[in-house]
Amino acid sequence: MTVKEFLKQYGDMQYEVRRIEAEIAELRERALSIRSSGKINDTVQGGGLNNSMKAVDVYIDKELNRLRKAKANALVKRQEVQSVIEAVEDARYRELLSHRYISLRTWEWIAETMHASRRHITRWHGQALQQVTL
């Protein structure tokens, strides 16, 4: 695994967390829509729609558990990445790596914040990666 791949792991995990959160929000919205439509009260003796709603609730609970695990894993990875970044000697490089791989900022944002051109930032980034030891 390259240094860059290692540092990107936290961002990839955060992306997965956001994806699961969006999926849960969509499921909740659909469940609320079904419940508020009044069709549940119209179910026949077999309870077909009620059973379907229970299945949706179970699925949402499973997704919530998956979200909790994903968040916990991301936090552990964040700590790992942060400790590797903190071991870099040059403060400017630590700042750049932290902005990019912990705060998940864009190159443009980093350049503006660090008062440098994007070209300088990408050059510094390459130099910073060379200082990282895994």
Exercise for the section: Would you please list the contacts, defined by Cβ atoms under 7 Å and residues six or more apart or on different chains, that run from a residue in the stretch 106-127 that is closer than 11 Å to Tyr93 by Cα to a residue that is of a type in the set (A, V, I, L, M) and not in a helix (DSSP H, G or I)? Expected result: Ile121/Met114
Exercise for the section: Go through (1) free of Cβ contacts under 8 Å to residues at least 12 places away in the same chain; (2) assigned to a helix (DSSP H, G or I) and name the single condition Ile85 misses. Expected result: (1)
Handout entry: Single residue of the stretch 89-120 satisfying the filter (hydrophobic (A, V, I, L, M, F, W, C) and farther than 21 Å from Gln14 by Cβ) that is surrounded by the fewest Cβ atoms within 10 Å (Cβ to Cβ)
Key = Ala91
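For (1) more than 21 Å from Ser103 (Cβ to Cβ); (2) at pLDDT 75 or above; (3) of a type in the set (Gly, Ala, Ser), each residue gets a yes or a no:
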residue: Met1; (1), (2), (3): yes, yes, no
residue: Phe6; (1), (2), (3): no, yes, no
residue: Asp12; (1), (2), (3): no, yes, no
residue: Val17; (1), (2), (3): no, yes, no
residue: Ile24; (1), (2), (3): yes, yes, no
residue: Arg30; (1), (2), (3): yes, yes, no
residue: Lys39; (1), (2), (3): yes, no, no
residue: Val44; (1), (2), (3): yes, no, no
residue: Leu49; (1), (2), (3): yes, no, no
Problem - Residue among Arg78, Arg100 that alone is closer than 27 Å to Arg18 by Cα, of a type outside the set (Phe, Trp, Tyr), part of a helix (DSSP H, G or I) and assigned by TED's automatic domain parsing to the domain that holds Met13 - result: Arg78
Exercise for the section: Determine whether the stretch 68-85 contains at least one residue that is under 24 Å from the mean Cα position of the chain (by Cα), on the phi > 0 side of the Ramachandran plot and not aromatic (Phe, Trp, Tyr). Expected result: no
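The values are calculated or read from the model by the stated rules, or taken from the named source; none is laboratory data. Keep in mind the model is a prediction, meaning the values are calculated, not measured. Please note: Cβ atoms are built from the backbone with ideal geometry, for glycine as well, and neighbour counts cover all protein chains shown.
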